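Below is one structure, written out as structure tokens, with a few remarks after it.
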Amino acid sequence: MSNLSLPVTVRTDNEGKRLASAGNIYRVLASGAETHGRYALLESLVKPGQGAPFHLHEREEEAFFVLEGEMVFFTENERIHAPTGTFLNCPVNSVRGFRNESDKLARILILLAPSGLEEMFEEDGVVLEQTGAFRDTEIKDGRPMSCPVISERFGIVNLTKPIPEPAS
């Protein structure tokens with residue numbers, strides 16, 4: 001057994017640091033500090049109309065699993081409708097963006113490997129009060145977020161191409 005072992009991480013639905021960043025709400029289920037930097041796992045609430053613009057990650061793989069609701073993911077050439085139960089893996093340097101085009105809240109898991117990007121959401125965002133179930137969390141602070149500005153320090157390349165308009 002390694003002397004670098006860490007304790008088992010357990011989070012109930014009321015636990016885990018909650019962050020509001022760039023219009024989305026995140027809950028840190030496992031941080032890099034808890035995984036020796038191997039990965040971070042986030043749960044995210046994405047309100048209708050919210051998401052992320054076209055970008056790519058120079059450092060980490062990013063995987064998504066839609067837990068509730070539906071999302072639309074975009075690559076350079078594809079529009080991918082992602083209902084509950086859909087999994088996507090975005091390799092390093094692959095172009096992606098996403099948006100909740102439904103009229104209901106979506107809940108997704110985001111795996112980042114290696115870890116580190118969760119620190120961007122904390123630096124950029126607002127730490128939210130941790131009361132009640134995560135899916136009931138609301139953003140109460142309306143300040144604009146700077147995520148696209150600071151993201152380059154975290155190996156994110158923001159692309160100027162806009163995400164296509166929602167399908168009618």
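Bear in mind these aren't lab numbers, they're just calculated from the coordinates by the rules spelled out. Keep in mind that this is a model prediction, so the values were computed, not measured. With ideal geometry, Cβ positions are generated from the backbone for all residues, glycine too; neighbour counts draw on all protein chains shown.
Working note: Cα gyration tensor of the range 37-99, eigenvalues times five, square-rooted, sorted largest first, giving semi-axes of 18, 15, 11 Å.
Taking the Cα centre of the range 20-149 as origin, work out the dipole magnitude from +1 charges on Lys and Arg Cβ and -1 charges on Asp and Glu Cβ, in debye rounded to 20. It would help to have the intermediate numbers written out before the result.
Working: 12 positive and 21 negative charges, 51 e Å.
Value, rounded to 20: 240 debye.
Under a point spin-label approximation (7 Å from Cα along Cα-to-Cβ), what is the Asp136-Leu6 distance to one decimal in nm? Label at Asp136, label at Leu6, 3.0 nm between them. Give, as ranges by residue number, the residues of the range 88-108 whose backbone N falls under 15 Å from the point 7 Å along Cα→Cβ of Leu159. Only 90-99 fall inside the zone, counting backbone N under 15 Å. Using alpha-carbon positions, what is the distance between the centroids of the range 60-135 and the range 29-46, in Å? So the two Cα centres are separated by 13 Å. An ellipsoid equivalent to the chain, defined through the eigenvalues of its Cα gyration tensor, has semi-axes of 24, 19, 16 Å when rounded to whole angstrom and sorted largest first.
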